[in-house]
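Here is the structure we will look at.
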Amino acid sequence: MAAASASRSSRGSGLNLALFYVFLIVFVLVSVAPLLWVFKMSIITKSELFASPPTILPRTPTAASYATIFGDPAFQKALINSTIIAGTTTIICLFFGSIAAYAIARLRFRFKSIVMTLILAISFFPPVAIIAPLFIQFRTFGIIDTYLAAIVPDVVFALPLTIWILVSFFKELPRDLEEAAKVDGATTIQAFRKVIVPLAAPGVFTTAILTFIFAWNEFLFANTFLFDADTQPVTVAIPNFATVYTVDYGAQAAAAVMVTMPLVILVLIFQRRIVSGLTAGAVKG
Amino acid sequence: MAEVTLEDVSKIYGEDVVAVRDMNLDIKDGEFIVFVGPSGCGKSTALRMIAGLEDISSGKVFIGDNVVNDLPPRDRDIAMVFQNYALYPHMNVRENMGFALKLKKMDKAEIERRVDEAARILSIERFLDRKPKALSGGQRQRVALGRAIVREPKAFLMDEPLSNLDAKLRVQMRTEIGKLHNRIGVTTIYVTHDQTEAMTMADRIVVLKDGVVQQVDTPQVMYENPKNVFVAGFIGSPAMNFMRARLEKENGGYAATFGRTRIPLDRSAVGERGMDLGRYAGEEVVLGIRPEHIEDATLAEGAAIGSTNAPNTIEVEPQVIESMGSEKYLYFGIPQEQSVHLDSVAHMTGDSGVDGGGSADDFDEMLVARVSAESQARRGDRMLLALDASKIKLFDPETEQAIL
């Protein structure tokens, strides 16, 4: 989209166009380079890893690191833990988020913008600042080392995002449709279920992906509240590919790639939908 | 099919924002009623209260013999057509039309039969399997109508259903809705801001302004005998002209005078209202005359009228002449002391209709005459216009109510 508008505005000016592409290429390189480097690290041998000077292209590609991590039951367990934590967070966020967002988008009540700001304010808190009090509370509740210790703070920080995106989605849906459904004989619940939900599905889906990515990538809370490998997600497990004497960088890189892959695939498949979801409300369709 | 009755119905938002005030109306079974008025007059709110989409602040709404105030829309057995069609985008035409019947858990075969029947009436059989987004505006509007028809409801409620269509299609759909109503004869309440739609479709028109019903009458009565300045100016296109005049007694009858013009009022029109008119003798009144009742004096019927010293003529200097082919519109100013500035007239600017309404905007202060195409009138040339004395309307300048 940026490319399209930039090329449109710079039509007729060769210099501008050239500058645009220079910046584009630099930007992409800067963003992508670390990821490519990690990928490279994951497919080379240990000796090549420590070669000096470092190789740019992998000399002898190998899947050894991948074999290592998939052979490691701890990594498999961590993947499952991540899925459980991110999945549960997403489901909880969507359930409460869609109900709250629907109410905010549809009902008339006072101080609506204040409510919206308060919701957003929650995500203003730097997680680091609340980590100590949370730890004490969680210990009191006895949920340290359980999935809940990661899910609860994840939900707290993801829910504002979920609500904000969904509100803009629900606002886009014409009110007439619900009214038409009600006149057609539907109850409020039926109108919501048979008309609103199917129409909002793309929006809900986008929100789900974004929430899932957020929870999947979360590290700080999980690292602080989960000590037991039985509950740790992959983000926490990756640094553990180290022994007292050596760090298995190759395995860490392979694990990082494996963890990122599902997200990249999700986003690539649904990128059009995600962009339109984020900009819903900005432009009249 | 049923009667719809409104008894002292009001809608008040918050503390004191009145959208509809004490509305009373008896809609007969099978009648086609049009609510018309400028934007913000409460016509849509009134309709939505009947539909159940808006709470009723006070008063009662009856559909048939039942008070429906507290019934949700689904229990009122009414069908509604919305301005933007409100078709369910994720269902095809057939599902859209059958949605209400499906909710009623009606037999599949019966749903099929009714949808096919409605599709045939509206000639949309070809589109039954399409999604709404694959249809044109006119086709979508037909589907919206179809969704209403299949219900076989007690009443149809239509909220500006044609205003999203282009001018030509609007005229065509207007006729179709009329035909449809003749065919199925369901009580219909139709909301529009377009007086032309109201005039052409309605059995009776309800004119609203600021939430208050101004007049309820058949189109013809409304046109011939508007109850006040607002209705007079709102109904008819181009809008009625208003000017200041004085009412004077004249050998047993009355005459309205302004400038050098003296119009003897038609005795039969004055009739039994002569007594009331007496109160205004010697007083200032607002005179109203429709553009179509003003003619180029040289073409006006009757030799006496055509002569320069005939009493019912005015001398004007046309500023703009619009030739419509079949007739000509002359726009002309009148002296400051004769022009009228009424709130209710200013209110209507731009809402007076599709044709001519737009151009009339630019000539706020001007009057319009609709003269024969043969008129030789030229811009800037002084000329005489003859006013049809039998069509003159008089209004009280204070209350704005009609006195003749």
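Nothing in this text is a laboratory measurement; each read-out follows from the coordinates by a stated rule. Treat the numbers as computed from the prediction; the structure is a model and nothing was measured. Cβ coordinates were reconstructed from backbone atoms using ideal geometry, including for glycine residues, and neighbour counts include every protein chain displayed.
So, in nm, how far is label A:ALA18 from label A:ARG110 when the simple model puts each one 7 Å beyond its Cα toward the Cβ?
Modelled inter-label distance: 6.4 nm.
Given all pairs of different Cα atoms, what value in angstroms does the Kirkwood hydrodynamic radius of the range A:149-200 take? Don't jump to the answer; show the numbers that get you there.
Numbers: mean 1/r = 0.0795 Å⁻¹.
This gives a value of 12.6 Å.
I'd like the distance between the alpha-carbon centres of the range B:185-221 and the range B:62-120, rounded to an integer number of Å.
25 Å
Do any of A:LYS182/B:LYS43; B:LYS168/B:LYS328; B:LYS11/B:LYS104; B:LYS28/B:LYS108 go past 26 Å between their Cα atoms, and which? Walk me through the numbers before you get to the answer.
Numbers: A:LYS182/B:LYS43 20 Å; B:LYS168/B:LYS328 22 Å; B:LYS11/B:LYS104 31 Å; B:LYS28/B:LYS108 33 Å.
Flagged as over cut-off: B:LYS11/B:LYS104; B:LYS28/B:LYS108.
So what's the range A:210-268 giving for Cα Rg divided by 2.2 N^0.38 Å, two decimals? All intermediate terms of the calculation are to be shown ahead of the outcome.
Working: Rg = 12.6 Å, N = 59, 2.2 N^0.38 = 10.4 Å.
Here the answer is 1.21, to two decimals.
Please report the equivalent ellipsoid semi-axes of the protein assembly as shown, computed as sqrt(5 x eigenvalue) of the Cα gyration tensor, largest first, in whole Å. Kindly include the intermediate steps, with their values, before the conclusion.
On the way: eigenvalues 1050, 183, 114 Å².
So the equivalent ellipsoid measures 72, 30, 24 Å along its semi-axes.
By the scheme Lys and Arg +1, Asp and Glu -1, what is the net charge of all other residues having a beta-carbon under 11 Å from that of A:ALA86? Please report the intermediate quantities before stating the final value.
Working: positive: none; negative: A:ASP154, A:GLU218.
Neighbour charge sum, excluding A:ALA86 itself: -2.
Hey, if you drop one equal point scatterer on each alpha-carbon of the range B:7-111 and run the Debye formula without solvent, what base-10 log of I(q)/I(0) do you get at q = 0.12 Å⁻¹?
Ignoring solvent entirely, the Cα scatterers give -0.52.
Just subtract the alpha-carbon distance of A:THR55 and A:PHE270 from 0.36 nm times their residue separation and send over the number in nm, one decimal. Display every interim value, and only then the final one.
Values: separation 215, 0.36 × 215 = 77.40 nm, distance 3.49 nm.
Separation in residues times 0.36 nm, less the Cα-Cα distance, equals 73.9 nm.
Counting only trypsin sites (Lys or Arg not before Pro) that sit in a DSSP loop (anything but H, G, I, E, B) with at most 10 other Cβ atoms within 10 Å, what is the longest stretch of chain A containing none of them? List each step's numbers first, then the result.
Values: sites that count: A:ARG11, A:ARG108, A:ARG110, A:LYS284.
Counting only loop sites that pass the neighbour cut-off, the longest clear stretch is A:111-283.
Can you tell me what share of the DSSP beta bridges in the protein assembly as shown is antiparallel? A percent to the nearest 5 is fine. Mind dumping the intermediate values first?
Numbers: 58 of 77 bridges.
Percentage antiparallel, nearest 5: 75.
Can you compute 3J(HN,Hα) from phi for each residue in the range A:22-35, using the Karplus curve 6.51 cos²θ - 1.76 cosθ + 1.60 with θ = phi - 60°, rounded to whole Hz and x for Gly and Pro?
4, 4, 4, 5, 4, 4, 5, 4, 4, 6, 8, 3, x, 5
Percent of Cα-Cα pairs more than 22 Å apart in the range A:71-280, please.
On the way: 12579 of 21945 pairs.
Above the 22 Å cut-off, the range A:71-280 has 57 percent of its Cα pairs.
Provide the FRET efficiency to the nearest 0.05 for the A:ILE80-A:LEU220 pair, computing r from the beta carbons and using R0 = 25 Å.
On the way: r = 21 Å, r/R0 = 0.83.
Plugging the Cβ-Cβ distance into 1/(1 + (r/R0)^6) gives 0.75.
What is the antiparallel percent of DSSP beta bridges lying wholly in chain B, to the nearest 5? Walk me through the intermediate numbers first.
Details: 57 of 75 bridges.
Roughly 75 percent of the DSSP beta bridges within chain B come out antiparallel.
For the range B:23-54 and the range A:115-191, write down the distance between their C-alpha centroids in whole Å.
Here the answer is 41 Å between Cα centres.
Out of every Cα-Cα pair in the range A:1-140, what percent are more than 18 Å apart? Walk me through the intermediate numbers first.
On the way: 7755 of 9730 pairs.
Result for the distance tail: 80 percent.
Note down the relative contact order for chain A as a percent, whole number, built from C-alpha pairs under 8 angstrom at least six residues apart.
29 percent
Would you compute, for the Cα atoms of the range B:132-227, the largest minus smallest coordinate along each principal axis and list the three values in descending order, in whole Å?
Principal axes ranked by extent give 46, 29, 24 Å for the Cα atoms.
Non-local amide H neighbours of B:MET158 (under 5 Å, H modeled in plane, Pro and chain starts lacking H): which ones?
B:VAL81, B:ILE189, B:TYR190, B:VAL191
Only helical DSSP H runs with n ≥ 4 go in: add -39500 (n - 2.57) per run for chain B, normalise by residue count and round the 222 nm mean residue ellipticity to 500 deg cm²/dmol.
Values: 13 runs with 106 residues, N = 404.
Only helices count here, giving -7000 deg cm²/dmol.
Of the residues B:LYS28, B:LYS328, B:LYS168, which exhibits the maximal mean-square fluctuation in a Gaussian network model of chain B defined by a 10 Å Cα contact cut-off?
In this elastic network of chain B, the residue with the biggest mean-square fluctuation among B:LYS28, B:LYS328, B:LYS168 is B:LYS168.
Debye calculation, C-alpha points only, no solvent: report log10 I(q)/I(0) for chain B at q = 0.08 Å⁻¹, in the same order as the q values.
Results for chain B at q = 0.08 Å⁻¹ read -0.52.
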